[in-house]
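What follows is a set of notes on a single structure, which appears directly below.
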Amino acid sequence: MNVYDSRQIENMMRQAGYQRAGSADKADLIIVNTCAIRDKAEQKLYSLLGRLAPIKQRNPDVVLAVGGCVAQQEGKALLSRVPYLDLVFGTHTLNRIPELVARVISTKSRIVDVGIHVIEDPLPTENARGNGKEVSRFVTIMRGCDNFCTYCVVPYVRGRETSRAPDRIIAEIEALVGEGIREVTLLGQNVNSYGNREGLITFPELLLKVNEISGLSRIRFTTSHPKDLSDALIESFVSLEKLCPHIHLPVQSGSDAVLKRMKRRYTRDMFSERVAGLREKCGDIALTSDIIVGFPGETESDFQLTLDLIQEIQFDGLFAFKYSDRPNARAAGYMAKVSEKEKARRLQVLLDCQQAITLKKNRALEGTEQVVLVEGVSRMSDTRDPQWTGRSLNNKIVNFTIPEKIAPSEEDWVGRQVKVVIYKGLLHSLQGKMLA
Ligand code: SF4
């Protein structure tokens with residue numbers, strides 16, 4: 001979502017006459033878009049601002065701005081903590097950035113705007129195609145969240161759930177397709193509740209409309225809250241040919257006691273049943289998830305239940321994190337904190353367990369044919385024998401060679417879907433050869 005927001009900021013600043021500087025050293029304006037989801041992300045902001053300080057010392061006219069979730073959370077306190085900061089803007093003031101920057105310059109004052117305004121839709125929809133080789137883009141369909149999971153800062157920094165109108169979303173995707181984009185990932189904190197508050201169409205109905213966009217090859221989405229995963233959405237994977245067979249379904253823990261304290265509003269059995277429903281309808285769907293280790297009060301037996309769930313479900317991949325207290329989130333006040341050392345141990349055990357599963361699943365794909373959307377030449381490529389890269393339908397990175405006799409230039413392949421036979425499954429990617 002921050003990648004998407006950063007694009008919107010860039011578009012707005014371009015319209016205001018700015019262009020990308022090659023580096024922070026050469027910039028007249030530096031905007032840092034921030035994430036507050038974990039303490040580590042927040043600490044990275046402060047170390048980055050420390051590295052930017054010499055630039056401001058050399059040239060006080062450079063405008064330094066911080067936006068996004070940490071800005072929303074800290075507001076004025078950020079200006080006090082970082083005396084050389086010029087502008088703090090929150091998650092609801094995105095479309096005022098050109099105006100705020102102009103005010104900082106004309107008044108030579110320091111400004112904070114973290115008010116909760118409705119973000120007027122449409123935000124600018126002009127989406128230049130980056131380096132001209134991108135084939136995939138994010139499109140935000142909703143903002144904010146109403147779920148208030150007890151560890152999470154999102155409802156406080158991104159506000160309550162609001163959905164964008166379907167015609168704006170469709171128009172934005174059509175514009176992207178016109179620029180050469182072939183795959184979109186629809187973004188929301190909980191896409192299953194798309195349109196509920198506003199009485200718009202449902203998420204499966206939106207998917208149906210996106211599926212009809214001519215020239216678009218693939219649709220993905222994230223994130224889907226397990227408690228709201230509907231039969232209609234499962235059915236979409238069967239009926240919509242552009243919807244890729246991969247779902248990210250964050251389970252967070254395998255212990256009912258922990259899930260309850262997290263206020264996730266599903267049990268381990270409910271999660272397993274939903275997964276069974278998905279796999280029954282769409283057998284080879286890839287499944288990824290998020291896990292938090294060391295939530296306050298998580299005992300060794302709670303942790304063992306999570307490991308047990310991982311073995312039971314056999315996810316294709318996991319994003320696992322150590323719990324950290326977030327301001328305002330209810331769990332920050334929970335007692336029985338797990339020590340950093342123990343969190344680190346649990347995380348490592350969990351990652352080792354998942355790596356074995358991922359490797360086994362990727363090896364099982366050896367000898368299969370995968371449809372790959374070509375993204376370009378791999379960074380690791382050898383110029384004499386170029387390795388191409390792209391993603392399979394179920395979101396695995398595939399590096400592959402193209403037989404010499406059918407290898408035209410890069411422009412001819414980027415954005416096309418090709419068939420690749422896999423000869424090696426690795427931990428983070430698959431290797432293969434394109435079929436003639
Ligand atoms: S569903 Fe829970 S974890 Fe996800 S954004 Fe909302 S409050 Fe945070």
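Bear in mind these aren't lab numbers, they're just calculated from the coordinates by the rules spelled out. None of these values were measured; they are calculated from a predicted model. Cβ sites come from the backbone with ideal geometry, for glycine too, and all protein chains shown count toward neighbours.
So which cysteines of the chain have no other cysteine's Cβ under 4.7 Å from theirs?
Cysteines lacking a close Cβ partner in the chain: Cys35, Cys69, Cys145, Cys244, Cys282, Cys353.
Just tell me which lysines come within less than 24 Å, Cα to Cα, of Lys396; anything on the same chain fewer than 8 places away is out.
Those lysines meeting the cut-off are Lys133, Lys242, Lys281, Lys360, Lys361, Lys419, Lys424, Lys433.
Could you list the residues of the range 253-296 with an amide nitrogen less than 14 Å from a label point located 7 Å from the Cα of Glu312 in the Cα-to-C-beta direction?
Under 14 Å, as judged by backbone N against the label point of Glu312, lie 253-259, 266-277 of the range 253-296.
Using the charge dipole of the chain (Lys, Arg: +1 at Cβ; Asp, Glu: -1 at Cβ; taken about the Cα centre), state which of Leu243, His92, Tyr334 has its Cα farthest towards the positive end.
Tyr334
Normalised by the residues of the range 2-113, what does the relative contact order come to in percent, with Cα pairs under 8 Å and at least six apart?
25
At 7 Å along Cα-to-Cβ for each site, give me the label-to-label distance between Leu435 and Gln19 in nm.
About 4.6 nm, to one decimal.
List the relative contact order of the chain as a percent without decimals, with contacts defined as Cα pairs under 8 Å and 6+ residues apart.
It comes to 10 percent, rounded to a whole number.
Where nothing but the Cβ of Lys and Arg (+1) and of Asp and Glu (-1) is charged, how large is the charge dipole of the range 143-194 around its Cα centre, in debye to the nearest 20?
That gives the range 143-194 a dipole magnitude of about 220 debye.
So what is the relative contact order of the range 136-363, in percent, for Cα pairs below 8 Å that sit 6 or more residues apart?
17
In the Gaussian network model of the chain, springs joining C-alpha atoms below 10 Å, which of Ser23, Ser163, Ser193 carries the largest mean-square fluctuation?
Answer for the Gaussian network model of the chain: Ser23.
Efficiency by 1/(1 + (r/R0)^6): what FRET value for Thr368 and Lys227, r their Cβ-Cβ distance, R0 = 22 Å, to the nearest 0.05?
0.10
Sum -39500 (n - 2.57) across every DSSP H segment of at least 4 residues in the chain, then divide by the residue count to get the 222 nm mean residue ellipticity, nearest 500.
Mean residue ellipticity, 222 nm, calculated: -11000 deg cm²/dmol.
Just to be sure I understand: with springs between alpha-carbon atoms less than 10 Å apart, which residue in Lys419, Lys108, Lys209 has the highest mean-square fluctuation in the Gaussian network model of the chain?
Residue with maximal mean-square fluctuation among Lys419, Lys108, Lys209: Lys108.
Can you tell me the dipole magnitude for the range 2-113 around its Cα centre, using point charges on the Cβ only (Lys, Arg +1; Asp, Glu -1), in Debye to the nearest 20?
180
For the chain, modelled as a Gaussian network with Cα springs under 10 Å, which listed residue fluctuates most, Val377, Val66, Val135?
Among Val377, Val66, Val135, the largest mean-square fluctuation in the Gaussian network model of the chain belongs to Val377.
So how strong a dipole does the chain carry about its Cα centre when Lys and Arg Cβ are +1 and Asp and Glu Cβ are -1, to the nearest 20 debye?
Dipole size: approximately 1100 debye.
So if we plug the beta-carbon distance of Arg279 and Lys108 into 1/(1 + (r/R0)^6) with R0 = 51 Å, what FRET efficiency do we get, rounded to 0.05?
Once the sixth-power term is evaluated, E becomes 0.25.
Rounded to the nearest 5, what is the percent of antiparallel bridges among the DSSP beta bridges in the range 136-363?
10
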